[in-house]
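Colleague: Let me give you the structure first, and then I'll get to my questions.
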There are 2 protein chains.
Amino acid sequence: MSEEKVILVTNDDSYTSPGIKALVEVASEFGRPVVVAPDKPQSGMGHAITLNHPLRLTPVTLFKDIEAYKCSGTPVDCVKLAVDKVLNGQPDLCVSGINHGSNASINVIYSGTMSAAMEAALEGINSVGFSSLNYSYKADMSTCQEVARQIIRNVLENGMPNSKLLNVNIPNVTLDQLQGIKICRQAIGTWKEEFVKRVDPFKKNYYWMTGNFVCDDKGTDTDIWALNHNYVSVVPVQYDLTEYSGLSFLNEKWEFNAKT
Amino acid sequence: MSEEKVILVTNDDSYTSPGIKALVEVASEFGRPVVVAPDKPQSGMGHAITLNHPLRLTPVTLFKDIEAYKCSGTPVDCVKLAVDKVLNGQPDLCVSGINHGSNASINVIYSGTMSAAMEAALEGINSVGFSSLNYSYKADMSTCQEVARQIIRNVLENGMPNSKLLNVNIPNVTLDQLQGIKICRQAIGTWKEEFVKRVDPFKKNYYWMTGNFVCDDKGTDTDIWALNHNYVSVVPVQYDLTEYSGLSFLNEKWEFNAKT
């Protein structure tokens, strides 16, 4: 028997969300889960970190016999603090989620769930972010749990791509309706914002951010296509943001003054 | 004469920072700057957005005759709100900075400066983030201004790579000492955190994030190499995070159960 695996579990919806409990249950089938998750919802926090004030870390009970902490910082803070002060080293795997809401396509950029997973991968830890397209906190998590089970088994048995990071999104269907699991690229899409203006009781304006996701990418190899056709999407994710094709463009087309 | 260019100027150090004033001065040589910047420092905010409370947008005076606003949100919020409610459409160019501190290598992921620039690029706007390796608010900005001048001239005259986004970092040297401007890839590096534990007057622990940047990437084509050798680094940046080489790895090595 190999040694017990240590699996760091985090998310961005906070330690109280049903999604993280569902993920802890699956992680415990593969090793010893340790939970470090935000003490309040942190959706849309992207890769934010807390620089100007200190962090709190407090033990909480999610399940009997599972080591768990709430942290006052962002999802990325949770991972950094977990590695340095809770685990005193790297876990065998980090799983983030299960997020209540999609992180497909460009949502990967804004997502606290995926940023937590990316932080772990940056530090050299195999890492997976899981997101469900069912936004309800009352959603049945059994399909998501079966998907997480298959993904975690593959990570541990078959290994990971170079960047050690996956973005897994799960359509809002039953296991019977699920068409399968597809390896995909990130669809090119964006949010089109429309801010709604309101006036406060003191006659000053304020603005609510609203918007629609727009995706003109018609590829059948994308995460959006997979999800629209009731497949789970699995996108291998990198954090080298260099646009390599741009290097030759700039070297050929751009000119600087003699000295510079 | 062509029509006057509209140049959106933002940052993450807030509208009060010397860096944004230096950038507005240069932008005004090329067109009409419009400033929408955070009302307080937002370093390390990554690609965070404000979902659960409304935003304020208030006119401020940076320079006579320059339209400028402070915004209560994140750097990304500033760009979204500027496009939708201040400019009522897209500017010809977005410039973010000049940041007081490096955004080279993996700092691009955590940077509010670069996330603001990325948000503009995502929306289809040519966009450049500028950062100075001099962290002091009292720094002489003349080298940075000359670099920004050359970069903006190239963007407007010679065009941009596909993703329309550049990460420009400027070493802390005089113009005489500057060796030139180099087109680079992002160096592979990471932060190694060490949290410092303190005890509050109520006997409870809290943690300050500290850390060191670690870069084992020895390439001479990286932004870190360029900056260490007194060159400006220019990295073309993308937001398609798919690790393409990982697609074939996963398709070949991974296995799912029959049904899924």
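Colleague: Consider only pairs whose beta carbons are under 7 Å apart and that are at least six residues apart or on different chains; among these, list those whose first residue lies in the range B:162-190 and is more than 9 Å from chain A (Cβ to nearest Cβ) and whose second residue is modelled with pLDDT under 95 and assigned to a strand (DSSP E or B).
Modeller: Short answer, once both residue conditions are applied: B:Gly189/B:Phe213; B:Gly189/B:Val214.
Colleague: Moving on to the next point. Mind checking whether some residue in the range B:121-139 is touching an Asp or Glu at 6+ places or on another chain (Cβ under 7 Å) and crowded, with 17+ Cβ neighbours inside 10 Å? If you could, list the steps in order and put the result at the bottom.
Modeller: Quick first cut of the range B:121-139, residues touching an Asp or Glu at 6+ places or on another chain (Cβ under 7 Å) only: none.
There is no residue in the range B:121-139 that is touching an Asp or Glu at 6+ places or on another chain (Cβ under 7 Å) and crowded, with 17+ Cβ neighbours inside 10 Å.
Colleague: Six or more apart or on different chains, Cβ under 8 Å: which pairs go from a residue in the range B:47-69 that's facing chain A (nearest Cβ under 7 Å) and crowded, with 16+ Cβ neighbours inside 10 Å to one that's outside any loop (DSSP other than H, G, I, E, B) and basic (Lys, Arg)? Could you list them?
Modeller: Correct list of pairs: B:Ile49/B:Lys80; B:Pro54/A:Arg198; B:Leu57/B:Lys70; B:Leu57/B:Lys85.
Colleague: I'd like to verify a number: residues in the range A:138-162 that are in contact with a strand residue (DSSP E or B) (Cβ under 6 Å, 6 or more places away or on another chain) and not in a helix (DSSP H, G or I), how many?
Modeller: 1
Colleague: Step by step: first the residues of the range A:191-228, then only those that are in a strand (DSSP E or B) and aromatic (Phe, Trp, Tyr), then the one that is farthest from the other protein chains (Cβ to nearest Cβ). Which residue is that?
Modeller: Among residues in the range A:191-228 that are in a strand (DSSP E or B) and aromatic (Phe, Trp, Tyr), the one farthest from the other protein chains (Cβ to nearest Cβ) is A:Phe213.
Colleague: Between A:Ser105, A:Ser72, A:Ser17, A:Ser115, which is surrounded by fewer than 21 Cβ atoms within 10 Å (Cβ to Cβ), touching a residue at least 60 places away in the same chain (Cβ under 8 Å) and within 22 Å of B:Ile49 (Cβ to Cβ)?
Modeller: The match here is A:Ser17.
Colleague: Looking at A:Val214, A:Val235 in this structure, which one is touching a Ser or Thr at 6+ places or on another chain (Cβ under 8 Å), in contact (Cβ under 8 Å) with a residue 24 or more places away in the chain and surrounded by fewer than 13 Cβ atoms within 10 Å (Cβ to Cβ)?
Modeller: Being touching a Ser or Thr at 6+ places or on another chain (Cβ under 8 Å), in contact (Cβ under 8 Å) with a residue 24 or more places away in the chain and surrounded by fewer than 13 Cβ atoms within 10 Å (Cβ to Cβ) holds for just one of A:Val214, A:Val235, which is A:Val214.
Colleague: Take the range A:25-35 and flag every residue that is of a type outside the set (Ser, Thr, Tyr) and either in contact with a Ser or Thr (Cβ under 6 Å, 6 or more places away or on another chain) or surrounded by fewer than 22 Cβ atoms within 10 Å (Cβ to Cβ) (or both). Give the steps one after another, and end with the answer.
Modeller: Restricting attention to the range A:25-35, the residues satisfying the condition of being of a type outside the set (Ser, Thr, Tyr) are A:25-27, A:29-35.
If the condition is that a residue be of a type outside the set (Ser, Thr, Tyr) and either in contact with a Ser or Thr (Cβ under 6 Å, 6 or more places away or on another chain) or surrounded by fewer than 22 Cβ atoms within 10 Å (Cβ to Cβ) (or both), then A:Glu25, A:Glu29, A:Phe30, A:Gly31, A:Arg32, A:Val34 are the ones that fit.
Colleague: Still on this structure, please answer the following. Got at least one residue in the range B:116-135 being within 19 Å of B:Ser43 (Cα to Cα) and within 10 Å of another protein chain (Cβ to nearest Cβ)?
Modeller: Yes: the range B:116-135 contains one or more residues that are within 19 Å of B:Ser43 (Cα to Cα) and within 10 Å of another protein chain (Cβ to nearest Cβ).
Colleague: Quick check on my filter: what residues within the range B:1-46 are within 14 Å of chain A (Cβ to nearest Cβ) and either modelled with pLDDT under 95 or closer than 19 Å to B:Ser136 by Cβ (or both)?
Modeller: Selection gives B:Asp12, B:Asp13, B:Ser14, B:Lys40, B:Pro41, B:Gln42, B:Ser43, B:Gly44, B:Met45, B:Gly46.
The values are calculated or read from the model by the stated rules, or taken from the named source; none is laboratory data. All figures in this text were calculated on a predicted structure; none of them were measured in a lab. Methodologically, a virtual Cβ is constructed for each residue, glycine included, from the backbone with ideal geometry; neighbour enumeration extends over all protein chains shown.
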